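Values quoted throughout were computed directly from the atomic coordinates according to the rules given, and no laboratory measurement underlies them. Treat the numbers as computed from the prediction; the structure is a model and nothing was measured. Neighbour counts are summed over all protein chains in view; Cβ atoms, including those assigned to glycine, are modelled from backbone coordinates with ideal geometry.
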Amino acid sequence: MILGSTNLYLFSMFCLASLTSQVSLPSSNYYIGAVVEYHPIIEGPNSTAIAEENSENFIKFLKTANEHQVDIIVFPENGLFSGEPFPPIFHRSFYLPHSTYLPDHKEFKVLCRDVSSNVMEVVKSISCAAKQYAMYIVLNVHEKEKCLGDNCAEDGYNLYNTNIVFDRNGALIAKYRKWNLFAEVGFNKTPKPELSSFRTDFGVTFGQFICFDIFFGAPALELVREKNITDIIFSTHWFSHLPYLTANQIQAGWSYVNDVNFLGSGYNAPATGNTGTGIYAGKYGHLARIWNEKAANALIVAKIPKVLNGQRMQPINQNDTQIIYYSATEIPSVRRQILMSQQKLFSEDLSLFTSKLFRPINGALSSIVCHHDFCCNFTTDTLYHDDVNKGSNVKYYRYRYAVFNGTVSYPKLGIAGLEICSIISCLDDNPKSCNQRFDINANIVHPVTFNSIVLSSISRDSINIPHFPLSIDDQINPLNVNDFTFIRKKINETHVSLNYTLTKPYNNLMTFAIFGRNFVNDYFL
């Protein structure tokens, strides 16, 4: 019997499903996804030796994932090829000898034990693992390619921060080269952003981007707008900033606004500001998330509802999600703990904002705060227990309204257009303290309970000005989706109304914000 290409594909999928119970089918209402939070090995004689040790640890994650019947797993940015201290210098001379060549992903080449290929052995080993465990694997690597011409560097190479995807047979089926580089001065960019997507045998098409890409329209938002992608792969080495850009906060907000399934895998190094991993289901909320105050290795495994015609095929169930932590014996990459009580957080420059002290009362307050011609309306209902903040050792958060419309400068990166309405926490009445938090071991009390917040504004209606609901509590956790509403409504040909409402009481808020990005005003190096 001779099979056509479609029948041959279905026949091979049937055979594969017969050989292993871990394959989700196109008819399944869900697939099983996993994301890794990894504290990498960064010390060694060179980047190749470091990658070999990290790849051995990756195999341990894959063994666990296989035990939980995972269909697709995501590893973090810089988790395999690490080695630079903070701040990263990204010397080409450091990375080039220990970066990998890659074939064209359109060849669907199986790299496992391919003696004809000049791909690095550590990358081949992950291809072999994908084949062994019949699992889709997303891996971040440093890729090099030879080049010629005026745009080629003097050393004759292009060097990319690249995500690659292996299918269940170990074949390289997708590749994405990071476009929005974060101070990665030694790396190259493609002539234009790539929209990278891949189709799986369980009927889901994924789009992918890396870390700082989430801050921009291309390629991140274009994947959703132009390709109608419903499931996103996100590898990251994120440096969290207060009050708006902590890792889980931005992942949750992006997933919510675009209503996509979002698999975010984070690099773990709390001493240098890196943690934050999660699986999110858009407006259905998070399935699980990780925020580590100290160095750790962990795996999230979840049943992720598929999206069909804009609807998820089943509700999310927290009982279908597991967070697995590894001991230092199981994954020995945490070789020494830096003495610290909590995750390092960076601070946004709020000096350009218009801010106003929030003076809590028992009852309702309304206020309008403007920055230039951009105004935000605040309506709050609070309980204020001023008796709990007495005593010399007691610490408690104060709050300010903070509004901004313009550009902010990021050193060595460029200028970003922002449009923000927010209530933010502060250590005291001085606005300079509003981008910090108390030590988690301090005696912290909570005199202010926000029964409700209604935050609203009018903005221009433009695809170049997306808005996100970004909020966290004092544990740096994003708010649950059942505890707020966010409505963007067109009011005329040129403008939209934005309304962000807190619907459940919180006494430990740190940030409640409508965070807008104005891409038109961007200028990045």
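Where a ≥ b ≥ c are the square roots of the eigenvalues of the C-alpha gyration tensor, would you call segment 116-214 rounded, which needs a/c under 1.5, or, failing that, prolate if a/b is larger than b/c, or oblate?
Verdict is oblate for segment 116-214.
Restricting to Cα pairs below 8 Å that are 6+ residues apart, what does the relative contact order work out to for the chain? Please round to a whole percent.
12 percent
Based on the Kirkwood radius over alpha-carbon pairs, what value in µm²/s does the Stokes-Einstein equation return for the translational diffusion coefficient of segment 357-419 at 20 °C and 1.002 mPa s?
Once the numbers are plugged in, D ends up at 145 µm²/s.
Cut-off is 10 Å between beta-carbons; in what order do 53, 77, 145, 493 appear when sorted fewest neighbours first?
Lowest to highest Cβ neighbour count: 493, 145, 53, 77.
Kindly put 259, 155, 104 in sequence by how many other C-beta atoms sit within 10 Å of each C-beta, fewest to most.
Fewest to most other Cβ atoms nearby, the residues stand as 104, 155, 259.
Looking at this model, which pairs from 344/504; 227/306; 432/489; 109/175; 131/189; 175/227 are more than 24 angstrom apart at the alpha-carbon?
344/504; 432/489; 131/189
Provide Rg and Dmax in Å for segment 31-174, with only Cα atoms included in the calculation.
Looking at segment 31-174, its Cα Rg and Dmax stand at 15.2, 50 Å.
Does segment 326-481 come out rounded, prolate or oblate by the C-alpha gyration tensor, with a ≥ b ≥ c the root eigenvalues, rounded set by a/c under 1.5 and, if not, prolate when a/b is larger than b/c and oblate if not?
The shape class here is oblate.
Checking a compactness column here: for the chain, what do you get for Rg(Cα) / (2.2 N^0.38 Å), N being the number of residues?
For the chain, the normalised Cα radius of gyration comes out at 0.99.
Summing +1 for each Lys or Arg and -1 for each Asp or Glu, what net charge is found among the other residues whose Cβ lies under 13 Å from the Cβ of residue 386?
Details: positive: 359, 390, 398; negative: 387.
Within the 13 Å Cβ shell, the charges total +2.
Which whole-Hz ³J(HN,Hα) couplings does segment 349-357 yield from phi under the Karplus relation 6.51 cos²θ - 1.76 cosθ + 1.60, θ = phi - 60°, glycine and proline marked x?
Calculated HN-Hα couplings, in order: 7, 9, 5, 8, 6, 8, 10, 9, 5 Hz.
Residue by residue through segment 71-81, what is 3J(HN,Hα) from phi via Karplus (6.51 cos²θ - 1.76 cosθ + 1.60, θ = phi - 60°)? Round to whole Hz and write x for glycine and proline.
Per residue, the Karplus-derived 3J(HN,Hα) values read 8, 9, 10, 10, 9, x, 4, 6, x, 8, 9 Hz.
Residue 32: net charge of surrounding residues, Cβ under 11 Å, Lys/Arg +1, Asp/Glu -1, itself excluded?
Local net charge: -1.
Quick check for me: using +1 on Lys/Arg Cβ and -1 on Asp/Glu Cβ, what's the dipole size of the chain about its Cα centre, in debye to the nearest 20? List each step's numbers first, then the result.
Details: 43 positive and 46 negative charges, 106 e Å.
In total the dipole reaches around 500 debye.
Let me check the size of segment 259-334 from its C-alpha atoms; what are the radius of gyration and Dmax in Å?
14.3, 46
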